[in-house]
Structures are given as structure tokens and as C-alpha cells.
1. Touching a Phe, Trp or Tyr at 6+ places or on another chain (Cβ under 9 Å) and farther than 24 Å from residue 167 by Cα: which single residue out of 266, 289, 296 fits that description?
2. Of everything in region 207-227, what is touching a residue at least 60 places away in the same chain (Cβ under 8 Å) and surrounded by fewer than 22 Cβ atoms within 10 Å (Cβ to Cβ)? Give them in sequence order.
3. Residue under question is residue 159, and the condition is that it be touching a Leu at 6+ places or on another chain (Cβ under 8 Å), among the charged types (D, E, K, R) and at pLDDT 95 or above; does it hold?
4. Could you look through region 91-139, keep only residues that are of a type in the set (D, E, K, R) and surrounded by 22 or more Cβ atoms within 10 Å (Cβ to Cβ), and pick out the one that is nearest to residue 52 (Cα to Cα)?
5. So for region 90-103 (the condition being in contact with a strand residue (DSSP E or B) (Cβ under 7 Å, 6 or more places away or on another chain) and assigned to a strand (DSSP E or B)), does at least one residue qualify?
6. Find the residue count for region 162-180, including only residues that are at pLDDT 95 or above, loosely packed, with under 15 Cβ neighbours inside 10 Å and either at negative phi or outside the structural domain of residue 135 (by TED's automatic domain parsing) (or both).
7. Name the single residue, out of those in region 346-390 being of a type in the set (Gly, Ala, Ser) and not in a loop (DSSP other than H, G, I, E, B), that is farthest from residue 312 (Cα to Cα).
Amino acid sequence: MNNTRKVKSLQLFFVLLLAGLFLLFPGTARAKQMARIEPKIPDIPGYLTLKCDFHLHTVFSDGLVWPTVRVYEAYLEGLDVISITDHIEYQPFEDDLKKNLNRAHELATPLAKRSGWITLIKGAEITRDMPPGHFNALFLKDSNPLNKENFLDCIQAARDQGAFVYWNHPWIDQDSAIWRPQHTVAYEKGILRGIEVVNGEDYNPSAHRLCIEKKLTMLAGSDLHQPSNMVFDPRHGARRPMTLVFATARSEEAIREALFDRRTAIYSHDSLYGERRFLEPIFNLSVEILNPELEIEGRQVAVVRVRNRSDIPYDLIADGTLEEFLFTDRIFLVPDASVAFQVISKADTLSGRRQLALPFRVANLRLSPEEALPVKLELDVTFRPAEKKK
């Protein structure tokens, strides 16, 4: 046995040992580790906000964990939906494991069902050099027919099963996402439906722009190969990137329908990326002004208190001024906490009740690489002229 084969065998031994411990002693694992740390991101009107990771690997391609471990990790980190997308063409452990492109999904499915929370979507990664690059296919019935030499035949086989196909990390082999003729063909055939805008630690502005230009679904994926806790630790605020899917139900069909309808946003590094129709309600349902009615006499200083009920910090930067009073040019809304800021009347002769809206941009909620979400903090202010000194 050569050294490479020995290393692979040792890796596989430890993976199987870990999986065996989880399966043989589920009570022990639950008692020590089954505290689910779920990110507080509100549901928006008409939809559930599902936290998803559609890009994961196991030992059935070039990952280092058994499929069931991906389910445990997802549950502990507060996810709702995952897909194991092992490479169809690249399987470094195939000498040790029976080659069946559906096997990872089959092994993870019983645990996902027992969890009572995780929806497991059958997927696979189609792996080619750039161009055209790597593509994920989700909602497959059988991964084996995708094992074809010709790229277009491969993605057509996915499409024939009703799969949702998207382009992974299109910037990996260059600094930006470059659209090539192969992508045009897949796009015009209606096969290419989305682009991964965040992969692991990396957000790519050019991929974001392509999604907007081509009206494609935006996705984020952890692309995990190693155990999740070697990269992300939600107990200390370091979460994996997630695709937020706005679905009508916690079902595979509802998730599929949402992806084809482009009802997604991206949550990564305390930032959100997506369309205004999704980011605006998330912000509005997260943020509450605790004292929206103010009384200001003369040039009196008033204090506004704001509560952020989500786990997303919001970085507000002033986007204009008001005639009536001065307000701070920057507010940082800490997750799950309240902050206060001052407003100061510009004149001591103002009188009457006015509805005022403080204009801001949320720097970490991006509608595009160049544009942050505009928001307004609305106040009901009663001004009283300063009493004249006798």
C-alpha cells in the first residue's frame, strides 16, 4: 500500500469512527451538543425565512466527514435546509467506498427526518474547468444520469429531472465572474437559473451584478469540506454563509418554487445581499423605535431609543438632513439590544406636531455592490416654542 492510499484509509477510518459514535450513542451526543443556535432573522409577510446551505461535501467526494455529520452540524447551527452536493466526477475515496452518486443523500436522510427540523434536498456538483466551471443541481431524483462527459448533456440531464441548476463560485479561476459563451447557451436554454454570490468567506461583487443583470437567483454556500466547527463557530458570532429562502412552507416543493421564483437573499459576515422587496421588510420587522412620540421645547435635546430584535447588526449612515432638527450621522444597531441617540431642534420658535422621517442607508444591507438599502426612522414630534425669559 503506497503512502497516499494509507493516508486515505486513515482519514476514512476516523470519519467512520466519528459517524459510528454519533449513531451508536445518540443520547450522549444530544446531551452534550444538541443546543441549537438559531439566528434571529424575521419571517417576512407571506413567507417563512428559511436558512439554507445548498453547497456541502462529504467523503463521497472530496469532503472529510460522513454524511450524517452534515445534518448534525446544520441542526446545531440553526439551519432549516441543506443539500449535500458531492462532486460527480471527483471521488478520491472511491477505492474505499462503493460508488453510488446517491449514497450520501441516502445515508443522511433518516437523520434529517429524525431531527424534526432539517429538510434535506438531493443535490450534486457538476465539476468542469473554467469555462464553464462548477454547477450545483438541486432537487434531483437520481444523480447517476448526470455522470456524462459532455457538459451540456450533463446539465440537460439535471434539467430533465426538474432540477434547479446554478453556477458555483464563478470567480475562483479569475478575480471576477466572467460570462462566457457556454453560460449563454445554458442561460438561453433555461437551464442556468442562479449564481453563487458568496462562497465560504468570499463575497464577489461581479457575481452579484450578473445576478441583477440576468435576473438570476442569488445564492450563498459554505462549500464545506472539513468539519464545520473548524471554520465557523456560531457561539462566538462566526456563522457560515446562508441562502435565505422566502418560502410559503417548510417543504421541498415550496423551497423549489421559491428558488425558481428568485425569492432569496444572502446572509454573510453580518451583511445581507438581495432585492429591496426582501431586505426592507427584514429591517422593518427587526427594528422598533421604542419612543416614537417626542416633545421638544425650543432647542431642547431629545433622546430616541431604538431596539434591534434580530441577530443582524445594522449600520445606519445618514442619507440627508431635516429642516427641523439635527440628528446623528451614524447609528450602529447592535444585535438583540437597544441603542439611543440624540436629536436637537434647529430653532427655538418651532411649534406644532409634525411627522418626520430620518433618512438613512443601511451600509450592510446591499441591493447591489454600489447601493445600500434606504430606510427611514419615523418620529411623531411635537415642537413647542421656548418660553421667553422674564
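The values are calculated or read from the model by the stated rules, or taken from the named source; none is laboratory data. Every value quoted in this text rests on a predicted model; they were computed, and no experiment measured them. Virtual Cβ from ideal backbone geometry, glycine too; neighbours counted across all protein chains shown.
1. Of 266, 289, 296, the one residue that is touching a Phe, Trp or Tyr at 6+ places or on another chain (Cβ under 9 Å) and farther than 24 Å from residue 167 by Cα is 296.
2. 209, 212, 225, 226, 227 - these are the residues of region 207-227 that are touching a residue at least 60 places away in the same chain (Cβ under 8 Å) and surrounded by fewer than 22 Cβ atoms within 10 Å (Cβ to Cβ).
3. no
4. Checking each candidate, the answer is 122.
5. Scanning region 90-103, I find no residue that is in contact with a strand residue (DSSP E or B) (Cβ under 7 Å, 6 or more places away or on another chain) and assigned to a strand (DSSP E or B), so the answer is no.
6. 0
7. 352
For (1) β-branched (Val, Ile, Thr); (2) farther than 17 Å from residue 60 by Cα, each residue gets a yes or a no:
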| site | (1), (2) |
| --- | --- |
| 112 | no, yes |
| 116 | no, yes |
| 122 | no, no |
| 126 | yes, no |
| 130 | no, yes |
| 140 | no, no |
| 152 | no, yes |
| 158 | no, yes |
| 166 | no, yes |
